[in-house]
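Notes for the one structure printed next.
The values are calculated or read from the model by the stated rules, or taken from the named source; none is laboratory data. If you're wondering where the values come from, they're calculated on a predicted model, not measured in any experiment. Using ideal geometry, Cβ is built from the backbone for each residue, glycine included, and neighbour counts are taken over all protein chains shown.
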Amino acid sequence: MTADLVVVGSGFFGLTVAERAASELGLKVTVIDRRHHIGGNAYSETEEQTGIEVHRYGAHLFHTSNEKVWEYVNRFTTFTDYVHRVYGVHKGEVFPLPINLGTINQFFRANYTPAEARALIAEQAGELAGTDPQNLNDKGIQLIGRPLYEAFIKHYTGKQWQTDPKDLPAGIISRLPVRYTYDNRYFNDTYEGLPTQGYTAWIERMADHPNIDVRLSTDFFDESQPISKGNVVGSVPVVYTGPVDRYFDYAEGDLSWRTIDFEEEVLPTGDFQGTSVVNYNDADVPYTRIIEPRHFHPERNYQTEKTVIMREFSRFAEKGDEPYYPINTEADRAKLLAYRDLAKAEKDVLFGGRLGTYKYLDMHMAIGSALSMYENRIKPHFEGGQALV
Ligand code: FDA
């Protein structure tokens, strides 16, 4: 095998490392992915009946305040001026989210000034003042008061975790943002937008280099193929972005994750909900939210009388499910420490990305951390002969 570097996983982390190593150092990089497509969870494709771009693994909104990441991603794509906003349905009524002055005034049928709203929420949060909440339910009440907590947080969180918030640890939330203005822009970052020609076009451009060889439908643990763990570790440096517990054959136990089931439906209407994301905050609706992807790209003016929607159902992941959000219980944290020790001792293998580090990472964070790994570890190794640790 002729590669200088093997990258396991073609998500944003793996492709950023591969692109830098190939473009800047001229290395020959082999990227493998067990899926049939590149891009990891950011992959998108065109829904056949409507021609609308759908994000295959859940809605992906790009946002960052990191100048270095912004400069880097703009080498491969331009971005639209999409600004993300979310609405939520409670008792048959639509409210703007995250909770802001508009939500508060609509909910209490009032015309509070920012100061009045602040005083009201402080008073309502006072119900559990001076206590040390041990569960998420009490913590939520202490942070924003019972009325808003029970309307917008309690059941939504219960559905996300498939667990009554009274049985969830308080530590899951440290704060619940409430804005005392009418600003309902979802992200606060300097830069925000969607790739003009879609995620897959962006991702393909990152991999489009003569020194990058991408092999799809190739599992690193399939020893019958040449780029497997047994065949490359020890002879070629590896950047591994798959699940860290899988790499070590679950020696320290399984790390726990939440997953999402997507129920996709094409509807005979041009517009189902008038916006891209609507949350369902009550317990009587089994899904957490509905995504309508046509609204991610109003500038495309999709010429179709149909639309596509995705209902999202959240649950604990079992073996074989897509791991989406780390659960991070105390037991998980203990296992992770043990896996980190094993990872450190694994010669010439670097672990990165959301699966390799068991951390939820937004896209800009995955790209930023891949750029750091490249600068601090990969480049010094290949340029200066430093050990790849
Ligand atoms: P990623 O999971 O993308 O890639 C890892 C790759 O490794 C996969 O392609 C996998 O197939 C491959 N692999 C695993 N095991 C392998 C093996 N044994 N052999 C070969 N290949 C293997 N971010 C954001 O900024 N805005 C957003 O709106 C969202 N929304 C969002 C929604 C949902 C539901 C999720 C789960 C995540 C988001 N994200 C997000 C986060 C975003 O998806 C994340 O930042 C990137 O996926 C991280 O890229 P990685 O390369 O680390 O992992």
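Checking Q303 against (1) at pLDDT below 95; (2) more than 16 Å from the ligand (Cβ to nearest atom); (3) farther than 27 Å from T200 by Cβ; (4) not small (G, A, S): exactly one of these is not met. Which one?
(3) is the only condition that Q303 fails.
Between a residue in the range 240-262 that is under 23 Å from I172 (Cα atoms) and within 11 Å of the ligand (Cβ to nearest atom) and any residue that is of a type in the set (F, W, Y) and assigned to a helix (DSSP H, G or I), which pairs come within a Cβ distance under 6 Å, given they are 6 or more apart or on different chains?
Partner pairs satisfying both residue conditions: V244/Y339.
Mind checking whether some residue in the range 312-326 is touching an Asp or Glu at 6+ places or on another chain (Cβ under 7 Å) and either free of Cβ contacts under 8 Å to residues at least 24 places away in the same chain or within 16 Å of V389 (Cα to Cα) (or both)?
Checked against the condition, which is being touching an Asp or Glu at 6+ places or on another chain (Cβ under 7 Å) and either free of Cβ contacts under 8 Å to residues at least 24 places away in the same chain or within 16 Å of V389 (Cα to Cα) (or both), the range 312-326 yields no hits at all.
Yes/no matrix, rows are residues, columns are (1) at pLDDT below 95; (2) part of a strand (DSSP E or B); (3) closer than 16 Å to A201 by Cα:
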residue	(1), (2), (3)
A18	no, no, no
A21	no, no, no
I38	no, no, yes
A59	no, no, no
V69	no, no, no
F76	no, no, yes
P96	no, yes, no
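Tell me, yes or no, whether the range 353-363 has at least one residue that is more than 24 Å from T259 (Cα to Cα) and at pLDDT 95 or above.
Restricting attention to the range 353-363, the residues satisfying the condition of being more than 24 Å from T259 (Cα to Cα) are none.
Scanning the range 353-363, I find no residue that is more than 24 Å from T259 (Cα to Cα) and at pLDDT 95 or above, so the answer is no.
Can H381 be described as within 12 Å of the ligand (Cβ to nearest atom) and not hydrophobic (A, V, I, L, M, F, W, C)? Write out each step before concluding.
Values: within 12 Å of the ligand (Cβ to nearest atom): no; not hydrophobic (A, V, I, L, M, F, W, C): yes.
Answer is no for this residue.
Checking H63 against (1) assigned to a strand (DSSP E or B); (2) more than 16 Å from the ligand (Cβ to nearest atom), only one condition comes out false. Which one?
So H63 meets the others, but not (2).
Scan P226, P237 and give me the residue that is more than 15 Å from the ligand (Cβ to nearest atom) and within 23 Å of E19 (Cβ to Cβ).
Within the list P226, P237, the selection yields P237.
So P293 clears everything in (1) modelled with pLDDT of 95 or more; (2) surrounded by fewer than 18 Cβ atoms within 10 Å (Cβ to Cβ); (3) within 14 Å of the ligand (Cβ to nearest atom) except one condition, right? Which one?
Every listed condition holds for P293 apart from (2).
For residues that are touching a residue at least 24 places away in the same chain (Cβ under 8 Å), more than 16 Å from the ligand (Cβ to nearest atom) and either surrounded by 14 or more Cβ atoms within 10 Å (Cβ to Cβ) or aliphatic (A, V, I, L, M) (or both), tally how many sit in the range 341-357.
2
Name every residue in the range 306-325 that is away from the ligand (no atom under 15 Å from the Cβ) and either buried (at least 17 other Cβ atoms within 10 Å of the Cβ) or under 17 Å from the mean Cα position of the chain (by Cα) (or both), in order of residue number.
Step one: of the range 306-325, the residues away from the ligand (no atom under 15 Å from the Cβ) are 306-309, 318.
Listed by number, the residues that qualify are K306, T307, V308, I309.
Each row is one residue, and each column tells you yes or no for (1) of a type in the set (A, V, I, L, M, F, W, C); (2) surrounded by fewer than 22 Cβ atoms within 10 Å (Cβ to Cβ).
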{"site": "V7", "(1), (2)": "yes, no"}
{"site": "V17", "(1), (2)": "yes, no"}
{"site": "S44", "(1), (2)": "no, no"}
{"site": "R75", "(1), (2)": "no, yes"}
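Sort out which residues of the range 189-245 are assigned to a strand (DSSP E or B) and closer than 16 Å to L350 by Cα, and write them in order of number.
V238, V239, Y240
Condition first: within 13 Å of the ligand (Cβ to nearest atom), of a type in the set (S, T, N, Q) and within 14 Å of I367 (Cα to Cα). Can you find one or more residues in the range 20-40 that meet it?
No, the range 20-40 contains no residue that is within 13 Å of the ligand (Cβ to nearest atom), of a type in the set (S, T, N, Q) and within 14 Å of I367 (Cα to Cα).
Name the residues in the range 88-143 that are charged (D, E, K, R), within 20 Å of R175 (Cβ to Cβ) and in contact (Cβ under 8 Å) with a residue 60 or more places away in the chain, would you?
R118
Residue check: is I203 under 16 Å from Y43 (Cβ atoms) and in contact (Cβ under 8 Å) with a residue 12 or more places away in the chain?
For I203, the condition - under 16 Å from Y43 (Cβ atoms) and in contact (Cβ under 8 Å) with a residue 12 or more places away in the chain - is met.
Hey, can you tell me all the residues within the range 144-171 that are small (G, A, S) and part of a helix (DSSP H, G or I)?
A151, G158, A170, G171
Being within 18 Å of D348 (Cα to Cα) and either within 14 Å of the ligand (Cβ to nearest atom) or touching a Lys or Arg at 6+ places or on another chain (Cβ under 8 Å) (or both) is the filter here; which residues of the range 1-19 pass it?
The initial filter retains those residues of the range 1-19 that are within 18 Å of D348 (Cα to Cα), namely 1-9, 13-14, 17-18.
Passing the criteria: T2, A3, D4, L5, V6, V7, V8, G9, F13, G14, V17, A18.
Would a scan of the range 73-82 turn up a residue that is among the aliphatic types (A, V, I, L, M) and away from the ligand (no atom under 13 Å from the Cβ)?
The answer is no, given that none of the residues of the range 73-82 is among the aliphatic types (A, V, I, L, M) and away from the ligand (no atom under 13 Å from the Cβ).
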